[in-house]
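Chemist: Just dropping this structure here.
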Amino acid sequence: MSIRELTPEQARLRHADGALLIDVREVHERAGGMAEGAIGVAKAALLAGPALHLPALDREILLICQSGKRSADAAQALRDAGYTNLSSVRGGTVAWRTAGLPLVQPMLDAGERDFYDRYSRHLLLPQVGESGQRRLQQSSVLVLGAGGLGAPAAFYLAAAGVGRLRIVDDDVVERSNLQRQIIHTEAALGTVKVDSARQRLLALNPHIEVEAIAERVTSANIDALLQDVDVVLDGSDNFPLRYLLNDACIKHAKPLVYAAIERFDGQVSVFDAGRQRGVAPCYRCLFPEPPPPEFAPNCSEAGVLGVLPGLAGLMQATEVLKLLLEIGEPLTGRLLRFDALQMRFRETRVRADPACPLCAPGVPFPGYIDYAAFCSHSP
């Protein structure tokens, strides 16, 4: 015997006559509006303990969800549990709204309402949901560089609700930055990049914490910068800093999300050797020694298509979110290269070097070195 379905208008009349109307959607869905008079009890909670929410087996119960399927499924489960007077609202809250019937907003404080409204699209994803979004709220990411890579990455991490961003850069905003470093504006010219970035990020999402550190990253302060962060995003543009960051992430067992760009080409990877010794490679496994300077010019020397760091930075932000949420397959052990002119992507496997002086199993951390001298030596 199938579950009886009522139109929203019929359900409203039955509720006026004393039927119990229960909205079985999740809290974040109900935040957008509930049928007037409905009681919110998520489907899983209702079915886990129906006696806690339903007064009697023969009480008339109307169930409503978003579009009608969950409420019908819940009604069938309740029938199997012995409840005898059940109906499901056909078309759910969508049909209720379309019919012009009254909706009410559940009682939420301002912070909770902002949470459910702001992250509503994340909350709909089974891989994220409310628990994942709360996890992002508690997470901390070090963004090294507020330039071409750090700008788009930080924007999307802030928008996604990562609770704390520590942004480190000792540079100031110049007009030549504006072609690609979209976090900065004309009004910010001459100001410290991290202060400019902090202002824009908090304008986008005032509910996160942005720690702006206007310092040059060195062996002397890198340990403090990595303290209490979950993931490190490398937005640097020079080899000494990349090697320093790699070594520090191994020392502190932090995943490192890497990217590099030049002209029309980019590459992205995740180095997680600190947590996965002998399994995941580090940056030195890919580049045991830096190339000669003439083969690795930076953007100010070689130029770069303005959107290119945006592509790479968004990929980095994606990898950071995957790592924080522990979903999908991160780019660990894979180097993703792309040619923006042809819009072609190529993936190369990167294996852990068993003889790596930094990340091989059992190798003690050798200490930081003079990275500028190391990188000035051509192999």
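Chemist: Scanning for something buried (at least 17 other Cβ atoms within 10 Å of the Cβ), on the phi > 0 side of the Ramachandran plot and in contact with an Asp or Glu (Cβ under 9 Å, 6 or more places away or on another chain), does the stretch 19-31 turn up at least one residue?
Modeler: Filtering the stretch 19-31 down to residues buried (at least 17 other Cβ atoms within 10 Å of the Cβ) leaves 19-26, 28-31.
Subset that is on the phi > 0 side of the Ramachandran plot: none.
No, there is no match, as no residue in the stretch 19-31 is buried (at least 17 other Cβ atoms within 10 Å of the Cβ), on the phi > 0 side of the Ramachandran plot and in contact with an Asp or Glu (Cβ under 9 Å, 6 or more places away or on another chain).
Chemist: A further question follows. Regarding the stretch 304-313, can at least one residue be identified that is in a loop (DSSP other than H, G, I, E, B), modelled with pLDDT of 95 or more and either of a type in the set (Gly, Ala, Ser) or over 22 Å from the mean Cα position of the chain (by Cα) (or both)?
Modeler: As a first pass, look at the stretch 304-313 and keep what is in a loop (DSSP other than H, G, I, E, B): 305-307.
Still in the list and also modelled with pLDDT of 95 or more: none.
Looking through the stretch 304-313, none of the residues is in a loop (DSSP other than H, G, I, E, B), modelled with pLDDT of 95 or more and either of a type in the set (Gly, Ala, Ser) or over 22 Å from the mean Cα position of the chain (by Cα) (or both).
Chemist: Restricting the first residue to the stretch 224-242 and requiring it to be among the basic types (Lys, Arg), which pairs with a second residue that is assigned to a loop (DSSP other than H, G, I, E, B) and open to solvent by less than 30 Å² (accessible area, probe 1.4 Å) meet a Cβ separation below 7 Å and a spacing of at least six or different chains?
Modeler: Pairs that qualify, where the first residue is among the basic types (Lys, Arg) and the partner is assigned to a loop (DSSP other than H, G, I, E, B) and open to solvent by less than 30 Å² (accessible area, probe 1.4 Å), are Arg242/Ser236.
Chemist: Quick check on my filter: what residues within the stretch 164-182 are within 17 Å of Ile213 (Cβ to Cβ) and open to solvent by 10 Å² or more (accessible area, probe 1.4 Å)? Break it down into steps so the answer makes sense when it comes.
Modeler: So in the stretch 164-182, the residues within 17 Å of Ile213 (Cβ to Cβ) come out as 164-173.
Arg164, Arg166, Asp169, Asp170, Asp171, Val172, listed by residue number.
Chemist: Right, something else. For the stretch 1-52, which residues satisfy the criterion of being under 19 Å from Ser120 (Cα atoms) and free of Cβ contacts under 8 Å to residues at least 24 places away in the same chain?
Modeler: Result: Val41, Ala42.
Chemist: Quick one: would you say Ala146 is more than 25 Å from Ser120 (Cβ to Cβ) and either among the basic types (Lys, Arg) or part of a loop (DSSP other than H, G, I, E, B) (or both)? Give the derivation first.
Modeler: Working: more than 25 Å from Ser120 (Cβ to Cβ): yes; either among the basic types (Lys, Arg) or part of a loop (DSSP other than H, G, I, E, B) (or both): yes.
Spelling it out, Ala146 is indeed more than 25 Å from Ser120 (Cβ to Cβ) and either among the basic types (Lys, Arg) or part of a loop (DSSP other than H, G, I, E, B) (or both).
Chemist: Then there is this: Quick check, is Arg12 of a type in the set (D, E, K, R), open to solvent by less than 60 Å² (accessible area, probe 1.4 Å) and at negative phi?
Modeler: Values: of a type in the set (D, E, K, R): yes; open to solvent by less than 60 Å² (accessible area, probe 1.4 Å): no; at negative phi: yes.
Spelling it out, it is not the case that Arg12 is of a type in the set (D, E, K, R), open to solvent by less than 60 Å² (accessible area, probe 1.4 Å) and at negative phi.
Chemist: Select from the stretch 315-344 the residues that are in contact with an Asp or Glu (Cβ under 7 Å, 6 or more places away or on another chain) and assigned to a helix (DSSP H, G or I) and list them in ascending order.
Modeler: Leu324, the sole residue that qualifies.
Chemist: Next question, about the same structure. Of the numbered conditions (1) within 24 Å of the chain's Cα centre (by Cα); (2) farther than 22 Å from Glu262 by Cα; (3) of a type in the set (Lys, Arg), Arg180 fails exactly one; give the number of that condition.
Modeler: It is condition (2) that Arg180 fails.
Chemist: Take the conditions at pLDDT 95 or above and within 22 Å of Glu130 (Cβ to Cβ) and apply them to Gly92. Does it pass? Give the derivation first.
Modeler: Working: at pLDDT 95 or above: yes; within 22 Å of Glu130 (Cβ to Cβ): yes.
Judged against the criteria, Gly92 is a match.
Chemist: Looking only at the stretch 187-240, filter to residues that are of a type in the set (D, E, K, R) and part of a loop (DSSP other than H, G, I, E, B); which one of those is least open to solvent (accessible area, probe 1.4 Å)? Break it down stepwise before answering.
Modeler: Going residue by residue through the stretch 187-240, those that are of a type in the set (D, E, K, R) are 193, 195, 198, 200, 209, 211, 215-216, 223, 228, 230, 234, 237.
Subset that is part of a loop (DSSP other than H, G, I, E, B): 215-216, 228, 230, 237.
Values: Glu215: 85, Arg216: 168, Asp228: 104, Asp230: 69, Asp237: 103 Å².
In this case the residue turns out to be Asp230.
Chemist: With the structure loaded, tell me whether Val128 is under 28 Å from Phe264 (Cβ atoms) and surrounded by fewer than 23 Cβ atoms within 10 Å (Cβ to Cβ) or whether it fails that test. Reasoning before the result, please.
Modeler: Numbers: under 28 Å from Phe264 (Cβ atoms): no; surrounded by fewer than 23 Cβ atoms within 10 Å (Cβ to Cβ): yes.
No: the conditions fail for Val128.
Chemist: Specify the residue that is surrounded by the most Cβ atoms within 10 Å (Cβ to Cβ); the eligible residues are those in the stretch 345-360 that are outside any strand (DSSP E or B) and under 31 Å from the mean Cα position of the chain (by Cα). Steps first, please.
Modeler: Residues of the stretch 345-360 that are outside any strand (DSSP E or B), as a first pass: 350-360.
Checking which are under 31 Å from the mean Cα position of the chain (by Cα) leaves us with 350-353, 358-360.
Details: Val350: 20, Arg351: 11, Ala352: 19, Asp353: 18, Leu358: 20, Cys359: 28, Ala360: 16.
Among those that are outside any strand (DSSP E or B) and under 31 Å from the mean Cα position of the chain (by Cα), it is Cys359.
Chemist: Same structure again: Give all pairs with beta carbons closer than 8 Å in which a residue from the stretch 59-80 that is more than 22 Å from Leu103 (Cα to Cα) and open to solvent by 30 Å² or more (accessible area, probe 1.4 Å) meets a residue that is at pLDDT 95 or above and assigned to a strand (DSSP E or B); count only pairs at least 6 apart in sequence or on separate chains.
Modeler: Close Cβ pairs (under 8 Å, with a partner that is at pLDDT 95 or above and assigned to a strand (DSSP E or B)) amount to Arg59/Leu20; Arg79/Leu86.
Conditions tested, residue by residue: (1) touching a Gly at 6+ places or on another chain (Cβ under 7 Å); (2) at negative phi; (3) open to solvent by 60 Å² or more (accessible area, probe 1.4 Å).
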{"residue": "Ser139", "(1), (2), (3)": "yes, yes, no"}
{"residue": "Gly145", "(1), (2), (3)": "yes, no, no"}
{"residue": "Ala159", "(1), (2), (3)": "no, yes, no"}
{"residue": "His184", "(1), (2), (3)": "no, yes, no"}
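Chemist: Also: Could you go through the stretch 40-57 and let me know if any residue there is at negative phi, crowded, with 21+ Cβ neighbours inside 10 Å and in a loop (DSSP other than H, G, I, E, B).
Modeler: yes
Chemist: List, please: which pairs have Cβ atoms under 6 Å, are six or more places apart or on different chains, and start with a residue in the stretch 246-258 that is surrounded by fewer than 24 Cβ atoms within 10 Å (Cβ to Cβ) and end with one that is among the aromatic types (Phe, Trp, Tyr)?
Modeler: Lys251/Phe365
Chemist: Of all residues in the stretch 105-125, which are open to solvent by less than 60 Å² (accessible area, probe 1.4 Å) and in contact with a strand residue (DSSP E or B) (Cβ under 8 Å, 6 or more places away or on another chain)? Let's see the steps before the verdict.
Modeler: Kept after step one, since they are open to solvent by less than 60 Å² (accessible area, probe 1.4 Å), are these residues of the stretch 105-125: 106, 108, 111-116, 119-120, 122-123.
Correct list: Pro106 only.
The values are calculated or read from the model by the stated rules, or taken from the named source; none is laboratory data. All values reported here derive from a predicted model rather than from experimental measurement. Here Cβ is always computed from backbone atoms with ideal geometry, including for glycine, and neighbour counts include all displayed protein chains. With ligands, DNA and RNA removed, areas are computed over all heavy atoms of the protein, side chains included. Shrake-Rupley method; radii C 1.70, N 1.55, O 1.52, S 1.80 Å.
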